[in-house]
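We did not get these values from a lab; they are worked out from the coordinates using the rules stated. For clarity, every value in this text was computed on a predicted model and none was experimentally measured. As a convention, Cβ positions derive from the backbone with ideal geometry for all residues, glycine included, and neighbour counts pool all protein chains shown.
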Amino acid sequence: MPVTIQNHELDFDYQGALLYEMTPEKGIVLKSKLPDEASKDKEYYEQGEDQIQRLIYIDDLVYAVSNLSITSYSLEDFKKTDSVDLN
């Protein structure tokens, strides 16, 4: 799920995606917080044009899609595997 998080003082805190696992046995469990590389430089507000808009998974990869890039992550360890700039 793509997210933007602000702290209790409404300061920008994080922009990226959260991946959850849902099972009858464990319920809903946070599996990974995918980094949004561009959010590291943002101190005061989120940027819509490079915010993750969609997540797509195919086989053992999850793809984070924004208006500016597509980045793939391994579903095994959630590490970045590749990225393509769209601009």
Ranked highest first by average number of other Cβ atoms within 10 Å, how do 64-70, 81-87, 17-23 line up?
-> 64-70, 17-23, 81-87
Any idea how far apart ASP82 and LEU55 come out in nm if each label point goes 7 Å out from Cα toward Cβ?
-> 2.1 nm
Phi-based couplings in Hz for segment 72-78 (Karplus 6.51, -1.76, 1.60; Gly and Pro marked x) | 9, 10, 6, 6, 6, 10, 6
